[in-house]
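Engineer: One structure, as structure tokens, below. Some questions next.
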Amino acid sequence: MDPASQMMARRAMDIGLELVWDRYEAQQPQCGFGSLGLCCTVCNLGPCRIDPFGQGPKQGVCGATAEIISARNLLRAAAAGSACHSDHGRHLAHTLKLVGEGKAKGYEIKDVEKLRKVAAEFGIATDGRPKETIALELAEKMLAEFGRQEGSILLTTRAPQRQREIWQKLGIMPRGIDLEIVEGIAKTHMGVDNDANNLLLSAMRVALADGWGGSMIATDVSDILFGAPAPIRAQVNLGVLQGDKVNILLHGHVPILSDVIANAALDPEILALAASKGATGINLAGICCTANEMLVRRGIPIAGNFLQQELALATGVVDAMIVDVQCIMPSLGEIARSFHTKVISTDPRAKFPWVEHIQLDEHDALPIAKKIVQIAVENFANRDGKQKFIPSEKMDLVAGFTTENIFYNLGGRFRATYRPLNDAIISGRLRGVAGVVGCDSPKNESGGSHVEMVKELIKHDVLVVQTGCSAISCAKAGLLKPEAAKEYAGRGLREICEAVGIPPVLHSGSCVDNSRILTACTEMVREGGIGNSLDELPVAGAAPEWYSEKAIAIGWYVVASGIFTVIGSPLRVKGSAVVDKILTEELAAKVGATWAFESDPIKGAHLMIDHINKKREALKLSPMMYEMYE
Ligand code: NFS
């Protein structure tokens, strides 16, 4: 759907580069056993596979059936996804601790108000105490949440009462973040848990430890250290790369790296060096969720989402791509070898073939960041002008909507409240709210599904909140501009957007910031009138092009929190009718929500709209205001 990506993909083909789409094609047909969740590699009695047609083996060598194998694999994936988000959260909490101890030169506490608010939730006295002392105590308490062995993760107290009761009753209240991940993995070892229902309860528990634990800590600490986002204008797509400037792409997830690089790029000496090399300046742009983190706090432009990381290198004008962790294709180093581009890894957790490693040290990050930026600047001179190929496409957007600032944007500067949002839903001006999130994938429409689904939702007066690569896809299509309301939104939603001056699609940050969507929904419950718990709200979630295990963890915590969730490709459970039924039907009676698998984004949008309508009916809300006259 995105012309810049199409153009770059053609360019890559012309110069003989192999991209994610080529590799996807080369894998066809992908393994049917794996796709259906019927392949087990858990122990060395195998690998085993179950015949979906009932002709061949019905059990693995150990006796595991289709439901055991698919449920076990799904729990493993949820644990891996939760581990990834939570490790990100721990990294931030650890940096906060170093800042509190005065041992992290180059970082500071930017949002003292948020620090005090979160500290108070953790039972920390804040009055009259220096911010560093509060930060240290908070960091220690947050780090203790990872190793907590009993009780429940503290931030689950943010959830509505009913959700907490459900989690207690089902035995899925998350205890400690690391504990749930370890126990989840332990349960999938051969001969431990062999009950599909019990395995899936653990998938919810481990995911809740992510959504209301690791990810939530990541969001809170990012706000404290780097400043809470506020609505900000910026630009997106490969056209943000500039031929006459040093282009540095920041790719990955944890803002600890990108924030300090952004500071280093402002250094007068480095800027002078850039000028001496003939560059007119230094241009930073982001890829994936690092892009979202930098966008919502600094307005740094986004070059692209997950599927554009290779395409960005093919422009021939990227002087350095600096990566940390997550969603970084292992192919990047090799692709970069066809250009002058240097790919530099910075996190000891993540090293890549053909990629130079310069480790970031939070104790004194700025000199290292300056060294990395300097490498990029010096590399500018090595550009081959004949390789330059920058698409012109770039789009304006507004991003940076948080649980806290939505109070102001919808409630008015002097009336910080969710009342107008809830009232709009009650009166039928707004149908409800949908979170559309997650990756872009060559299996679906390479970003196009997000755009189609979101257009359909806003046309039906559903306010859309986005994060991650999904937000980037819709931004490229122009849906994140306030003007988009006029062009695409239904009449009720349009009126609200025009009155308040917001886009019909609100960008809330990176994937760990899906925790903001949880807390925003909780605020809607607290404000009252549209349900007493998350499962009663007229809201729904979707990840039309998910690919990562992190997305599985997100989907699980959203469903376990009572929010119906549609995903584009099915979870790998289709080989077991039992597990499929639990996910798409039986969970409703347990947690008040289910998964739905729908590859057609328009049909997916209508599953969400129908669900929201049912919730409206159950709440006896007014019919949709303008539908009464149609
Ligand atoms: Ni989320 Fe962000 Fe993008 Fe998917 Fe990867 S960058 S954390 S996992 S691909 S949305």
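The values are calculated or read from the model by the stated rules, or taken from the named source; none is laboratory data. Remember, it's a predicted structure, so these values are computed and weren't measured experimentally. Cβ coordinates were reconstructed from backbone atoms using ideal geometry, including for glycine residues, and neighbour counts include every protein chain displayed. SASA here: full protein model, heavy atoms, side chains in, ligands and nucleic acids out. Shrake-Rupley method; radii C 1.70, N 1.55, O 1.52, S 1.80 Å.
Engineer: Do we find that Glu404 is open to solvent by 40 Å² or more (accessible area, probe 1.4 Å) and closer than 18 Å to Arg297 by Cβ in this structure? I'd like the intermediate steps shown before the answer.
Structural biologist: Working: open to solvent by 40 Å² or more (accessible area, probe 1.4 Å): yes; closer than 18 Å to Arg297 by Cβ: yes.
When the stated conditions are applied, Glu404 passes them.
Engineer: Right, here's the next one. Taking the conditions exactly as written (open to solvent by 10 Å² or more (accessible area, probe 1.4 Å), outside the structural domain of Thr95 (by TED's automatic domain parsing) and either among the β-branched types (Val, Ile, Thr) or within 16 Å of the ligand (Cβ to nearest atom) (or both)), does Ile358 satisfy them or not? Write out each step before concluding.
Structural biologist: Details: open to solvent by 10 Å² or more (accessible area, probe 1.4 Å): yes; outside the structural domain of Thr95 (by TED's automatic domain parsing): yes; either among the β-branched types (Val, Ile, Thr) or within 16 Å of the ligand (Cβ to nearest atom) (or both): yes.
So Ile358 fits the description; yes.
Engineer: Now for a separate question. With within 16 Å of the ligand (Cβ to nearest atom), small (Gly, Ala, Ser) and either in a strand (DSSP E or B) or more than 16 Å from Cys469 (Cβ to Cβ) (or both) as the only criterion, which of Ala320, Ala285 stands out? It would help to see each step written out before you state the result.
Structural biologist: Numbers: Ala320 fails: within 16 Å of the ligand (Cβ to nearest atom).
Step by step, each of Ala320, Ala285 is checked, and only Ala285 is within 16 Å of the ligand (Cβ to nearest atom), small (Gly, Ala, Ser) and either in a strand (DSSP E or B) or more than 16 Å from Cys469 (Cβ to Cβ) (or both).
Engineer: Also, I was wondering about something else. Please specify each residue of segment 235-266 satisfying the condition of being crowded, with 24+ Cβ neighbours inside 10 Å, more than 20 Å from Thr346 (Cα to Cα) and of a type in the set (Gly, Ala, Ser).
Structural biologist: none
Engineer: Only one of (1) in a helix (DSSP H, G or I); (2) without any contact (Cβ under 8 Å) to a residue 40 or more places away in the chain; (3) more than 16 Å from the ligand (Cβ to nearest atom); (4) open to solvent by less than 10 Å² (accessible area, probe 1.4 Å) is not met by Glu487, so which one is it?
Structural biologist: Among (1) in a helix (DSSP H, G or I); (2) without any contact (Cβ under 8 Å) to a residue 40 or more places away in the chain; (3) more than 16 Å from the ligand (Cβ to nearest atom); (4) open to solvent by less than 10 Å² (accessible area, probe 1.4 Å), Glu487 violates only (4).
Engineer: Given the criterion touching a Lys or Arg at 6+ places or on another chain (Cβ under 8 Å) and outside the structural domain of Arg297 (by TED's automatic domain parsing), identify the matching residue among Leu457, Leu479, Leu463, Leu506.
Structural biologist: Values: Leu457 fails: touching a Lys or Arg at 6+ places or on another chain (Cβ under 8 Å); Leu463 fails: touching a Lys or Arg at 6+ places or on another chain (Cβ under 8 Å); Leu506 fails: touching a Lys or Arg at 6+ places or on another chain (Cβ under 8 Å).
When all the criteria are applied, what remains is Leu479.
Engineer: Quickly run through segment 532-551 and pick out the residues that are away from the ligand (no atom under 16 Å from the Cβ) and surrounded by fewer than 24 Cβ atoms within 10 Å (Cβ to Cβ).
Structural biologist: Within segment 532-551, the subset away from the ligand (no atom under 16 Å from the Cβ) is 532-540.
Matches in segment 532-551: Asn532, Ser533, Asp535, Glu536.
Engineer: Restricting the first residue to segment 512-530 and requiring it to be more than 26 Å from Gly89 (Cα to Cα) and acidic (Asp, Glu), which pairs with a second residue that is open to solvent by less than 10 Å² (accessible area, probe 1.4 Å) and away from the ligand (no atom under 13 Å from the Cβ) meet a Cβ separation below 6 Å and a spacing of at least six or different chains?
Structural biologist: Listed by first residue and then by second, the contacts come to Glu527/Tyr418; Glu527/Asn422.
Engineer: Please indicate, with yes or no, whether at least one residue in segment 527-549 is within 23 Å of Leu36 (Cβ to Cβ) and in a helix (DSSP H, G or I).
Structural biologist: Kept after step one, since they are within 23 Å of Leu36 (Cβ to Cβ), are these residues of segment 527-549: 542-549.
Subset that is in a helix (DSSP H, G or I): 549.
Within segment 527-549 (the criterion being within 23 Å of Leu36 (Cβ to Cβ) and in a helix (DSSP H, G or I)), the answer is yes, since at least one residue qualifies.
Engineer: Separate question: Name the single residue that is nearest to Asn247 (Cα to Cα) among those in segment 323-340 being more than 16 Å from the ligand (Cβ to nearest atom) and in contact with an Asp or Glu (Cβ under 7 Å, 6 or more places away or on another chain). Please lay out each step first, then the result.
Structural biologist: If we filter segment 323-340 for residues that are more than 16 Å from the ligand (Cβ to nearest atom), which is where we start, we get 333-340.
Next, only the ones that are in contact with an Asp or Glu (Cβ under 7 Å, 6 or more places away or on another chain) stay: 335, 340.
On the way: Ile335: 17, His340: 12 Å.
This residue is His340.
Engineer: Counting only residues that are within 21 Å of Lys486 (Cβ to Cβ) and open to solvent by less than 10 Å² (accessible area, probe 1.4 Å), how many does segment 433-462 have?
Structural biologist: In the first step, residues of segment 433-462 are kept if they are within 21 Å of Lys486 (Cβ to Cβ); the result is 433-434, 436, 450-462.
After this cut, where a residue has to be open to solvent by less than 10 Å² (accessible area, probe 1.4 Å) as well, the list is 434, 436, 450-451, 453-454, 457-458, 462.
Looking only at that region, the number is 9.
Engineer: While we're here: Search segment 184-196 for residues that are closer than 11 Å to Arg76 by Cβ and pair each with any residue that is open to solvent by less than 70 Å² (accessible area, probe 1.4 Å) and assigned to a loop (DSSP other than H, G, I, E, B) when their beta-carbon atoms are under 7 Å apart and the residues are at least 6 apart or on different chains.
Structural biologist: Pairs that qualify, where the first residue is closer than 11 Å to Arg76 by Cβ and the partner is open to solvent by less than 70 Å² (accessible area, probe 1.4 Å) and assigned to a loop (DSSP other than H, G, I, E, B), are Lys187/Asp193; Thr188/Val42.
Engineer: Let me ask something additional. In segment 229-250, is there at least one residue being touching a Phe, Trp or Tyr at 6+ places or on another chain (Cβ under 6 Å), outside the structural domain of Arg90 (by TED's automatic domain parsing), outside any loop (DSSP other than H, G, I, E, B) and within 14 Å of the ligand (Cβ to nearest atom)?
Structural biologist: Filtering segment 229-250 down to residues touching a Phe, Trp or Tyr at 6+ places or on another chain (Cβ under 6 Å) leaves 246.
Now narrow it down to the ones that are outside the structural domain of Arg90 (by TED's automatic domain parsing): 246.
Applying the additional criterion that residues be outside any loop (DSSP other than H, G, I, E, B) yields 246.
Going one step further and asking which of them are within 14 Å of the ligand (Cβ to nearest atom), we end up with none.
No, there is no match, as no residue in segment 229-250 is touching a Phe, Trp or Tyr at 6+ places or on another chain (Cβ under 6 Å), outside the structural domain of Arg90 (by TED's automatic domain parsing), outside any loop (DSSP other than H, G, I, E, B) and within 14 Å of the ligand (Cβ to nearest atom).
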